Amino acid sequence: KEKWPRGDEKAWKTSMRGLDTDIPSITKSIVGHVQTSLAQQAHNLDDLGAYQAAALSVRDNLILNWNETQMHYTRKEPKRAYYLSLEFLMGRTLDNALLNLGLKPKYDDSISQLGFRLEDLLEQERDAALGNGGLGRLAACYLDSSASQELPVWGYGLRYKYGIFQQLIAPDGSQLEAPDPWLEHDNPWELPRLDVTYEVRFYGHSERLDNMKAVWSGGQEVLAMAYDTMIPGYETKSTNNLRLWESKPKRGFDLQSFNAGDYERAVESSNSAAAITSVLYPNDHTTFGKELRLKQQYFWTAASLADIMRRFKNLGKPISEFPDYVAIQLNDTHPTLAIPELMRIFVDEEDVPWDAAWQLVTNTFFFTNHTVLPEALEKWPVPLMQNLLPRHMQIIFDITEIVVSVVEKKFPGDRERLARMSLIEEGYPQNIRMANLACIGTRKVNGVAELHSELVRLTIMKDFVDLYGVSKFSNVTNGITPRRWLDQCNPRLSNLISETLKLPKAVFLKDLYKLEGLLQFADDPAFQKKWAAVKQSNKERLAQHVQTTLGLKINTHAMFDVQIKRLHEYKRQTLNIMGVIHRYLTLKDMTPAERKKVNPKVVLFAGKAAPGYYVAKLTIRLIVNVARIINADADTKDYLQLYFLPDYSVSLAEVLIPASDISQHISTAGTEASGTSNMKFCLNGGLLVGTVDGANIEIAEEVGEQNVFFFGHLTPAVEDLRYKHMYHPVPVEQKCPPLARVLNEVSAGRFGDGGVYEPLLNTIRQHDYYLLTEDFDSYIQALKLVDEAYQDRTEWIKKSIRTTAKMGKFSSDRAIQDYAQEYWNIESTKPE
Ligand code: F58
C-alpha cells in the first residue's frame, strides 16, 4: 500500500468524495458557480451566464475523472500513444460532455428548475474551430474514440487565439473573412497549466562536435505553456487529455548573445513570440512556405516532445526502452520536424549514438498521409530551415546520407531514383520534402481509405515501396464518432433505433455494427413511417434554424440535397452548381403541367474557401447569385430552391446532416483521399450521389451499390483524359452541349455580371483539370436516377434504413482500434 504523501490522511479522504449527481446537487453546483465563479445573481443572469455556470459545473465532473485517469496512467505505466495534429476541430463541448457522462437528463431538469432551457444554453457555446476541415475533425473523432475505449492516448496541438475565420457574404455574393475570437468569453473547457512550460529555441547557430553531435545555441527562445482540455470517454470514467500549447515571450532573454545583425530581429521576435500561436492557417490543400507556419510546426513539436520525454524520464527506464512506452502518430506531414527533433534530443542531449538513436526514432513514429494532390505536399526551402532551425538542417542532411546509402546499396547507380527519393529537392532554392522525411523516419505509413492507400503506394510513395517493401504501407480507413454524429446530432433517430432494436443506446453507440439489426425492420411499414417522420422533423429543425439565423424560408416538403465541405476545385462544387443551373434551365423550358411532375428539390451548400483561393471564392459568389435568381423565379421556385449557408462549422453540420435526403461527394476520381462527411450522412439515413472515390467506395461495398448513386470516370481513366485535354482539346460545345449551354448562360449575365465569372468558367473551357466536361452527362444522369428513386418513397426509405444499418465499419472506434493494435501496440486500461 502506498504511503499517504502529506497531512492527515483522514482529513483528505473524507473530503475527497466524488461529486453527487442527483438533481438537487447539480442545481446546487450550478448556482454555486453563478455566485462564486461568475459573481452573478439570479436577477442579472442571462443565457450566456447560465451556460457558463452549467459548463463549469459539468467541468467539475470531468476534472475529477480526468485526475483519476491520469493518476491511473502514472501508476500503471502503460505504453501510451500521442496524436500530433496541428488541427483539432472539436466543435462544441457541453452537449457532448453531458452525453458522455450520462448526465444530460439531470442537467436538463435542473436547468429548467432554474428557469432556463438547456437547448438555449447549448446554443451559447462557441465552436472550438481549430481546424480547416476533414483532417482536423478526424483528430477530434479519434480523441473521442480513444477515451471511449479507455486507451491511453493524448492529443498534442496548438492553442490558436483565432480559429478558422468567420465567413461572411458580401452584398455582391462574395466571401469575406473576419477573425474568429473564440476565446473572447473565456473557455471553460481548458485548464491553463502555469507549471507546464518549455523553452523553444529558434535561429542561433549549431556547432558540430564529434560523434555526430552538435551544440545549438543563441537565437531566440520562446516559452510554450500548456493548456489542457479534458476528453471524456462515453460511459466510462476514462478521461484523456488534449494538450494545446500557447506561445509566450520568455522574459529577460539574452540579447547579448545575439550578433549585431540579429539584434533587430531579436527585438522583433520578442514582440512576436506571441504571434506564433495567434492564428490557424486557413489554407486547404496548398502550402505557402511561410516562416511563421514553420515556426508553428517546430514550436509545437518541440514542446510536445519535451513533454513526452519528461514523462518518459519520470518512469526511470533506460532510453533504449523509449519505443516500448511511446508511440507517436504524425497527422500528415505537419509534425514531421518531430523526427529530427527527437534525433537532436537523443544525440545531443542524451548522448545516444547516432545509429541507435535512428533505430529508436524510427520505432516510435507513424505517419498518416491525407492527400495525394501534389500541391498539398509540404516542402520547405533549405535557406529558411537553415536560418530558423540550423541544427535540424544539419540533422536532415545527415538523415539524407542514410537515404543515399540505402538506396545506393539496393539500386546501385540509379541516380534518378536517388534524386526522387532524396530529402532534398534540387532547385533554386533547394527544398526539403517533408513527405519523404516522414516516410523514412517512421515505422508505418498509412492512407485513409483503401483506394487512397493504394494511390499512396502507386504514386507519391512508389520508390519507397520498392525500397522498404509493401508491408510498411497500409491502410486505416477513416471513421467518425457515433456519439456526436448520431446520438448528439440526431437524438430522434438514436431514440428510434434504441426503441426498435430494444437495446439501450450505449450498446450500438459503442458497437456500431449492432445497427445491422435494423435490416430486419427495413420492410416493416410501421417502422418506415417512424423513420420517415424522424427525417421530416430534422428537415423542419433545419428550416427553423435557417429561418431564425438567415430569415429564409425553406420548403420542407422538398428533397434536401446537400453539399458541405471546404470549397475546392477538386471537390467540384462547380459541377454541382452547373447541375443546378441545368436543372433550372430545364424547368424553365417546361410547361407548368410538366413542372408539376418534377420532384421538388432544395439544394444546400455550405463551406469556406481559403482566403487566397480566387477560383474557389468565385464559385461561392456564383452559387449565391444563382440562388438569388432561382429563388425569386415564380415559375420554378416551388420546384427548385438553392441556398448557400454562410459560416459552415461543426455545429452547423450537426443540424444539416440529419436533415439531408441526399448529399454530394463528387470529387474527380482519385482526388478525395477519404471524405468523412459521406459517413456522417449515411449514418443519419441520407443517401449519396458520388464518384467512385475515397471512402465512397467502401461505403458502397457495405450498403450495396444499389443504394449509392455513382457516376463519372474511374481513377485509372483520369490521367489519360487529362493528357487528352492538354494536347488534344475539344471545345465544350462539342464535348458536352448541355454544359456549354450552362456556361454560356452564366457568361451572358443571366445570374448577374457574367464577366466576373470568366476566370472560373475558363478553368472548365480550357484545361478542365478536374474533368467537369467528362463527367457532366453522367452526373446529370445520376441526379435523374435520384429523382426517380425519390418518387417511390417507400423504396427510398428502405434504402435509407439499409444505409444506416450498414455503417458499422465507419465508427472511429474501429479505426482507432486499428491504430492501437496494428501500429501503436497499446492496450485499454482504466481507473478502477
Ligand atoms: C482531408 N484533408 C482529406 N486536409 O481531404 C479528406 O479526404 C480526408 O477524409 C480527411 O483529410 C481526413 O483524412 C484535409 O482536411 C487539410 O485540411 C489540410 C490542412 C492543412 C494544410 C493542408 C490541408
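The values are calculated or read from the model by the stated rules, or taken from the named source; none is laboratory data. Note that this is a predicted model, so its numbers are computed, not measured. As a convention, Cβ positions derive from the backbone with ideal geometry for all residues, glycine included, and neighbour counts pool all protein chains shown.
Regarding segment 403-418, can at least one residue be identified that is within 28 Å of TYR203 (Cβ to Cβ) and of a type in the set (A, V, I, L, M, F, W, C)?
From segment 403-418, those within 28 Å of TYR203 (Cβ to Cβ) are 403; that's our starting set.
Imposing the further condition that a residue be of a type in the set (A, V, I, L, M, F, W, C) reduces the set to 403.
For segment 403-418, residues within 28 Å of TYR203 (Cβ to Cβ) and of a type in the set (A, V, I, L, M, F, W, C): present.
Pairs only if they're at least six apart or on different chains, beta carbon under 8 angstrom, first in segment 669-683 and touching a residue at least 12 places away in the same chain (Cβ under 8 Å), second within 8 Å of the ligand (Cβ to nearest atom) and of a type in the set (Lys, Arg); list them, first residue then second.
Here the result reads THR676/ARG137, each pair linking segment 669-683 to a residue that is within 8 Å of the ligand (Cβ to nearest atom) and of a type in the set (Lys, Arg).
Search segment 780-799 for residues that are over 19 Å from PHE710 (Cβ atoms) and pair each with any residue that is in a helix (DSSP H, G or I) and among the aromatic types (Phe, Trp, Tyr) when their beta-carbon atoms are under 8 Å apart and the residues are at least 6 apart or on different chains.
Qualifying pairs under 8 Å: ILE797/TRP531.
For the subset of segment 568-580 comprising residues that are touching a Leu at 6+ places or on another chain (Cβ under 9 Å) and assigned to a helix (DSSP H, G or I), which member is nearest to VAL624 (Cα to Cα)?
So the residue we want is ILE577.
What are the residue pairs meeting all of these: first residue in segment 370-382, first residue assigned by TED's automatic domain parsing to the domain that holds GLY133, second residue among the acidic types (Asp, Glu) and crowded, with 18+ Cβ neighbours inside 10 Å, Cβ atoms under 6 Å, and 6 or more apart or on different chains?
That search, which allows pairs on different chains as well, returns HIS370/ASP332.
Of the residues SER206, SER112, only one is over 30 Å from SER811 (Cα atoms), of a type in the set (Ser, Thr, Tyr), without any contact (Cβ under 8 Å) to a residue 12 or more places away in the chain and not in a loop (DSSP other than H, G, I, E, B); which?
Just a single option satisfies the conditions, and that option is SER112.
Within segment 5-26, how many residues turn out to be among the acidic types (Asp, Glu) and under 37 Å from the mean Cα position of the chain (by Cα)? Spell out the reasoning first.
We begin by selecting, within segment 5-26, every residue among the acidic types (Asp, Glu); these are 8-9, 20, 22.
Okay, now just the ones that are also under 37 Å from the mean Cα position of the chain (by Cα), so 20, 22.
Adding up the residues that qualify gives 2.
Taking LEU467 as meeting all but one of (1) over 19 Å from THR287 (Cα atoms); (2) modelled with pLDDT under 95, write down the number of the exception.
It fails just one condition, (2).
Within segment 325-353, which residues are under 17 Å from ARG293 (Cα atoms) and in a strand (DSSP E or B)?
LEU330, ASN331, listed by residue number.
Restricting to segment 605-623, name every residue that is aliphatic (A, V, I, L, M) and surrounded by fewer than 23 Cβ atoms within 10 Å (Cβ to Cβ).
ALA606, ALA610, VAL615, listed by residue number.
Condition (residue is assigned to a helix (DSSP H, G or I) and in contact with a Phe, Trp or Tyr (Cβ under 8 Å, 6 or more places away or on another chain)) applied to segment 365-385: is it met by at least one residue?
Step one: list which residues in segment 365-385 are assigned to a helix (DSSP H, G or I), which gives 374-376, 382-385.
This time we only want the ones that are in contact with a Phe, Trp or Tyr (Cβ under 8 Å, 6 or more places away or on another chain), so: none.
Within segment 365-385 (the criterion being assigned to a helix (DSSP H, G or I) and in contact with a Phe, Trp or Tyr (Cβ under 8 Å, 6 or more places away or on another chain)), the answer is no, since none of the residues qualifies.
Go through segment 421-494 and tell me which strands (runs of 3 or more DSSP E), entirely inside it, have 1 or more residues that are of a type in the set (Lys, Arg) and in contact (Cβ under 8 Å) with a residue 40 or more places away in the chain.
Values: elements: 431-433, 444-447, 473-475.
Output list reads 431-433, 444-447.
Has segment 175-191 got any residue that is crowded, with 19+ Cβ neighbours inside 10 Å, part of a loop (DSSP other than H, G, I, E, B) and more than 29 Å from the chain's Cα centre (by Cα)?
Scanning segment 175-191, I find no residue that is crowded, with 19+ Cβ neighbours inside 10 Å, part of a loop (DSSP other than H, G, I, E, B) and more than 29 Å from the chain's Cα centre (by Cα), so the answer is no.
Out of curiosity, is ALA338 assigned by TED's automatic domain parsing to the domain that holds PHE299, away from the ligand (no atom under 16 Å from the Cβ), among the small types (Gly, Ala, Ser) and closer than 26 Å to SER453 by Cα?
yes
Please find, among SER269, SER257, SER247, the residue that is at pLDDT below 70, surrounded by 15 or more Cβ atoms within 10 Å (Cβ to Cβ) and away from the ligand (no atom under 16 Å from the Cβ).
SER269
Given (1) within 16 Å of the ligand (Cβ to nearest atom); (2) at pLDDT 95 or above; (3) polar (S, T, N, Q), identify the lone condition not met by THR287.
(2)
Given the criteria within 16 Å of the ligand (Cβ to nearest atom), under 29 Å from ALA139 (Cα atoms) and crowded, with 22+ Cβ neighbours inside 10 Å, does ASN446 qualify?
Working: within 16 Å of the ligand (Cβ to nearest atom): yes; under 29 Å from ALA139 (Cα atoms): yes; crowded, with 22+ Cβ neighbours inside 10 Å: yes.
So ASN446 fits the description; yes.
Can GLU2 be described as in contact with a helix residue (DSSP H, G or I) (Cβ under 9 Å, 6 or more places away or on another chain) and without any contact (Cβ under 8 Å) to a residue 40 or more places away in the chain?
The answer is yes for GLU2.
What number of residues in segment 734-759 are in contact (Cβ under 8 Å) with a residue 24 or more places away in the chain, in a helix (DSSP H, G or I) and surrounded by fewer than 22 Cβ atoms within 10 Å (Cβ to Cβ)?
The total comes to 7.
Could you say which residue among SER651, SER663 is outside the structural domain of GLY173 (by TED's automatic domain parsing), closer than 20 Å to PRO282 by Cβ and polar (S, T, N, Q)?
SER651
Name the single residue, out of those in segment 675-710 being within 13 Å of the ligand (Cβ to nearest atom) and assigned to a helix (DSSP H, G or I), that is surrounded by the fewest Cβ atoms within 10 Å (Cβ to Cβ).
Per the criteria, the residue is GLU698.
Yes or no, residue by residue, for (1) within 13 Å of the ligand (Cβ to nearest atom); (2) buried (at least 24 other Cβ atoms within 10 Å of the Cβ); (3) not basic (Lys, Arg):
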{"residue": "THR277", "(1), (2), (3)": "no, yes, yes"}
{"residue": "ASP307", "(1), (2), (3)": "no, no, yes"}
{"residue": "PHE312", "(1), (2), (3)": "no, no, yes"}
{"residue": "GLN329", "(1), (2), (3)": "yes, yes, yes"}
{"residue": "GLN359", "(1), (2), (3)": "no, no, yes"}
{"residue": "ASN369", "(1), (2), (3)": "yes, yes, yes"}
{"residue": "LEU373", "(1), (2), (3)": "yes, no, yes"}
{"residue": "PRO381", "(1), (2), (3)": "no, no, yes"}
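Can you confirm whether segment 399-412 contains a residue that is within 23 Å of ASN363 (Cα to Cα), part of a loop (DSSP other than H, G, I, E, B) and in the same structural domain as GLU291 (by TED's automatic domain parsing)?
Among the residues of segment 399-412, not one is within 23 Å of ASN363 (Cα to Cα), part of a loop (DSSP other than H, G, I, E, B) and in the same structural domain as GLU291 (by TED's automatic domain parsing), which makes the answer no.
Within segment 388-402, can one find any residue that is away from the ligand (no atom under 16 Å from the Cβ), farther than 28 Å from GLY219 by Cα and out of contact with any strand residue (DSSP E or B) (no Cβ under 9 Å at 6 or more places or on another chain)?
Taking every residue of segment 388-402 in turn, at least one turns out to be away from the ligand (no atom under 16 Å from the Cβ), farther than 28 Å from GLY219 by Cα and out of contact with any strand residue (DSSP E or B) (no Cβ under 9 Å at 6 or more places or on another chain).
Determine, yes or no, whether VAL626 is more than 15 Å from the ligand (Cβ to nearest atom), more than 14 Å from LEU542 (Cβ to Cβ) and not in a strand (DSSP E or B).
yes
Please go through (1) in a helix (DSSP H, G or I); (2) more than 30 Å from ASN369 (Cβ to Cβ) for ALA39 and return the number of the only condition it doesn't satisfy.
If we test ALA39 against (1) in a helix (DSSP H, G or I); (2) more than 30 Å from ASN369 (Cβ to Cβ), just (1) comes out false.
Need the failing condition index for SER145 against (1) part of a loop (DSSP other than H, G, I, E, B); (2) surrounded by 23 or more Cβ atoms within 10 Å (Cβ to Cβ), just the number.
(1)
Against the conditions (1) closer than 27 Å to SER148 by Cβ; (2) surrounded by fewer than 19 Cβ atoms within 10 Å (Cβ to Cβ), where does LEU509 fall short? Just the number, please.
Here LEU509 clears every test but (2).
Is there any pair with a first residue in segment 126-151 that is over 22 Å from TYR281 (Cβ atoms) and a second that is among the acidic types (Asp, Glu) and more than 10 Å from the ligand (Cβ to nearest atom) whose Cβ atoms are under 7 Å apart and which are 6 or more apart or on different chains, and what are they?
SER145/ASP813; SER148/ASP813; GLN149/ASP813
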